[in-house]
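A.B. asks: Input: one structure, supplied below.
The values are calculated or read from the model by the stated rules, or taken from the named source; none is laboratory data. All values reported here derive from a predicted model rather than from experimental measurement. Using ideal geometry, Cβ is built from the backbone for each residue, glycine included, and neighbour counts are taken over all protein chains shown.
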Amino acid sequence: MGAFFGKTNVLRRTEISTAQDEYSVDDNGPGFDPSARTVIRVERRGRPGLIDPVYVFTGEKPDPSKHPRAEFARMLTSDPQFARATVNLLWSEMFGVGIVDPPTSFDPARMDPQNPPPAPWTIQPSHPELLETLAQYFRENKYSIRSVLKLIAKSNAYQLSSQFPGEWKASYAPYFSRKFVRRLKAEEIHDSLVNATNLLTEFPVRSTDTKIRFATEGAPEDFSQFFSRPGDTAAKEVHFFLEAFGQTNRESSERSNDGEITQAILLMNSPFVLRQIQASEGSYLAGLLKQQIPDEEKITHLFQRFLVRQPTPAELAQARNVVKSGTKGWEDLQWLLINKVEFVHNF
């Protein structure tokens, strides 16, 4: 498998003084020698000499007239396990648990309910037919991740309430009897906040003319690169916010969805949050306050905007008291909505 990349060279670009993390890639290498020196810690022990690439799961060899990396991509995506693993990972992202869980622990020998493994082993997927159907849908739609996510989001299973009528039992969990609540990821919280308030800050992507407004549009380094830029306080605030909520930098830290006291403090006192709740020109709140509609209707609009639901009668009464102080009261109401548990969870 490594021989597919035996001629590939990845070189850091040194001709640009600001070329941190920028690389050039070519395919001018000599090939794959299993006895050659390696930069990884595991010592190579193969026999000297160049070897040809082979897709290890099928024994298929690439067409010598075609690019080996392109051939590897073709073989990989045509492997049934590629589609299974991809849709299972997407399902896990949407539901918080995979059809095969953990999603990185597939056992190909335990996939087929028509050919079960010997005892005490069991079939690994909780819903093997569903897994295969999603995988086939993925293939038929030209490996479109968007199509699979849209299909899952429109499903009855995904649209279930997080509340369960009657007594809940742990044995119900594999059947997706209710929605499993999860905390949103760092980028999702940031994007929900800026989308709800409609106060969008543009961040330039380094070495391009592109500007992004949502964290999910870019990579972690698109925000972390601004951390040392003098005077760019908005970017520093966003970077610290994302990092506190577990955003990985893809090099020295792994993503985390664990809760910490820092996160609660930031939702209450972060300069980023306090700036977002202001009724600034162009904000959703500023536009809402200009409308000639009753306060109750404005409050309902904010609840729908931030929590995607109507306020309860008790919440409506409390909100009326909060907004009595004018614009500052309306900003405080947005602050309260952001600090409700619902805002950072997918209820």
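A.B. asks: Would you please list the contacts, defined by Cβ atoms under 9 Å and residues six or more apart or on different chains, that run from a residue in region 100-112 that is within 21 Å of Y175 (Cβ to Cβ) to a residue that is among the acidic types (D, E) and assigned to a loop (DSSP other than H, G, I, E, B)?
C.D. replies: Every condition considered, the pairs that remain are V100/D107.
A.B. asks: Given the residues S283, S270, which is the only one that is crowded, with 16+ Cβ neighbours inside 10 Å and more than 22 Å from A186 (Cβ to Cβ)?
C.D. replies: S283
A.B. asks: Another one. As an exercise: evaluate Q334 against (1) within 31 Å of the chain's Cα centre (by Cα); (2) loosely packed, with under 13 Cβ neighbours inside 10 Å; (3) among the polar types (S, T, N, Q) and give the number of the one condition it does not meet.
C.D. replies: All conditions are met except number (2).
A.B. asks: Among the numbered criteria (1) at pLDDT 85 or above; (2) surrounded by 14 or more Cβ atoms within 10 Å (Cβ to Cβ); (3) within 17 Å of F245 (Cβ to Cβ), which one does L160 miss?
C.D. replies: (3)
A.B. asks: To continue, here is another question. At least 2 residues that are more than 21 Å from the chain's Cα centre (by Cα) and over 30 Å from L333 (Cα atoms) in each: list the helices (runs of 4 or more DSSP H) lying fully within region 116-219 that qualify.
C.D. replies: Per the criteria, 128-140.
A.B. asks: Can you pull out every residue in region 72-99 that is part of a loop (DSSP other than H, G, I, E, B) and touching a residue at least 12 places away in the same chain (Cβ under 8 Å)?
C.D. replies: Hits for region 72-99 are D79, G96, V97, I99.
A.B. asks: Okay, next question. Does any residue in region 193-222 that is free of Cβ contacts under 8 Å to residues at least 40 places away in the same chain and not assigned by TED's automatic domain parsing to the domain that holds R305 come within less than 8 Å, Cβ to Cβ, of a residue that is of a type in the set (G, A, S) and assigned to a loop (DSSP other than H, G, I, E, B) six or more places away or on a different chain, and which pairs are these?
C.D. replies: Between residues of region 193-222 that are free of Cβ contacts under 8 Å to residues at least 40 places away in the same chain and not assigned by TED's automatic domain parsing to the domain that holds R305 and residues that are of a type in the set (G, A, S) and assigned to a loop (DSSP other than H, G, I, E, B), the close pairs are F203/G218; V205/G218; I212/G218.
A.B. asks: Considering only region 298-310, I want to know if a residue exists there that is assigned to a helix (DSSP H, G or I) and exposed (fewer than 12 other Cβ atoms within 10 Å of the Cβ).
C.D. replies: No: zero hits.
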